[in-house]
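A short worksheet on the structure shown next.
The values are calculated or read from the model by the stated rules, or taken from the named source; none is laboratory data. Not measured: the values here are computed from a predicted model. Here Cβ is always computed from backbone atoms with ideal geometry, including for glycine, and neighbour counts include all displayed protein chains.
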There are 2 protein chains.
Amino acid sequence: MNESRKYKTKKQVSEPTLKRLPGYLYFLEQQKEEGVLNISAPTIGKKLSCDPTQVVKDLSVTGIKGKPRVGYNTYELIHALEEFLGFNRINEAFLVGAGNLGSALMAYQEHQELGLKIIAAFDTDEVKIGKSVGGIHILDYNKLFTLSGRLNVKIGILTTPNNVAQDVAEDMVNCGVRAIWNFTSANLDLPEDVIVQTTSMSSYAAVLLRRLNDSDK
Amino acid sequence: MNESRKYKTKKQVSEPTLKRLPGYLYFLEQQKEEGVLNISAPTIGKKLSCDPTQVVKDLSVTGIKGKPRVGYNTYELIHALEEFLGFNRINEAFLVGAGNLGSALMAYQEHQELGLKIIAAFDTDEVKIGKSVGGIHILDYNKLFTLSGRLNVKIGILTTPNNVAQDVAEDMVNCGVRAIWNFTSANLDLPEDVIVQTTSMSSYAAVLLRRLNDSDK
DNA sequence: TAGATTGTTAATCGATTAACAATC
DNA sequence: TAGATTGTTAATCGATTAACAATC
């Protein structure tokens, strides 16, 4: 068994845990600003309204050890979370579909805190091509292929209309993209090894509306 | 026990199920377009890559009965899903924070398919006040209070900077908002009965980056 | 009729929560 | 020392998956 195989067997972190980690990170950064040097799981749990045991378990994925009666070192924990999540690295991404949502993501400065950096955007609309949003140039979609040969971009952000999503996703994969952040409603049919992370606004709307209607009756 | 109490005990639908329902709805609408009159759970499951048994169970929440060997009536199922999700009603919403993400949501026509209609947006930035995005007027934040008295809006969309999110959320609640769709990273501390649905971009980025890094090794 | 699919009930799986010993 | 908190192991809870009878 070679080195690369060994790493593959490292502890898999569950998706619910993974989704909670950025919340901890944000809160810890606030606390650091306020000069808090040590912080306990119960304190975090109270603020983010989740179980202290769960906080302990979640934070254990970083490998940071806390001290009983004291808690965790704030700075150490922040650093370890950023490292674990990859937020301190710069992960370059292409964006295709510079419409409303696409432009918002481009302008959304917070993305740089995520270690996710959109280095180029593509569109087929001639009105948009040549313009810039949030400092990112919008290029002719045809240039995706020539550009991806030179750059080694692994992440694609898909904010096109639904009806072209499948085709664009396939193009992305052919250009070397290994993970797609999908904001469309399309059900992408791609090779097994391509990572697809779908963020469906309608799923959230569904949960919100249903809860609201439930509480009415 | 009065009528309103009785309804509260109706079958609670789990959040994972709820989140899958809009995906079924989108696929079914595509199928209807193509003239498909009946559709089976295995067919749906294959396309959306999930277990047929799960599809059956999920769809059962609508109350629609399928026929063995035939499947479900496409039209009936679409109608029942829309009804169940509340997507065929118009649920009015306020939006506060007409920045990048806020503007994207305003322009995002798809929202009308969600039965979620933004009827007014608010901001404190004088440059934005008076302008329109996606046909929605951006009003002075101070007008939130006077306007909410006349309108009976239950849903608030929160797309402000993190540092004012708590204050704005409290204002929304004081204006009669019962459910908040929170796009900020802030940990909102609100009365128990207020429904908060947080959509955290960083949670998705975390899952995406982690999966990508896992697959590298 | 034969066989695919529904719909329900049971088994499995995984995440959350509880319990508790270790320790600072 | 006393007691709060960590960190681990066990119990619970809920969702997914499997099994299977009913049925069109």
Evaluate the following for A:Val36: is it over 20 Å from B:Val196 (Cβ atoms) and near DNA strand D (Cβ under 9 Å from one of its atoms)? no
Exactly one condition in (1) touching a residue at least 24 places away in the same chain (Cβ under 8 Å); (2) facing chain A (nearest Cβ under 10 Å); (3) among the aliphatic types (A, V, I, L, M); (4) farther than 30 Å from A:Ile195 by Cα is false for B:Ala186; which is it? (4)
Out of the residues in the stretch A:63-89 that are more than 12 Å from DNA strand D (Cβ to nearest atom) and touching a Leu at 6+ places or on another chain (Cβ under 8 Å), state the one that is farthest from A:Met172 (Cα to Cα). A:Tyr75
With the requirement that a residue be more than 12 Å from chain A (Cβ to nearest Cβ), part of a strand (DSSP E or B) and of a type in the set (Val, Ile, Thr), what does the stretch B:124-138 give you? B:Ile136, B:Ile138
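Do the conditions hold for B:Ser203, that is, is it over 17 Å from B:Asn100 (Cβ atoms), within 11 Å of chain A (Cβ to nearest Cβ) and buried (at least 19 other Cβ atoms within 10 Å of the Cβ)?
yes
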Anything in the stretch B:139-180 that is part of a strand (DSSP E or B) and touching a Ser or Thr at 6+ places or on another chain (Cβ under 7 Å)? List them, or say none. B:Leu158
Return a yes/no flag: does the stretch B:48-60 have any residue that is within 9 Å of DNA strand C (Cβ to nearest atom) and part of a strand (DSSP E or B). no
Candidates A:Lys128, A:Lys154, A:Lys117 - the one that is at pLDDT 95 or above and closer than 23 Å to A:Pro22 by Cα: A:Lys154
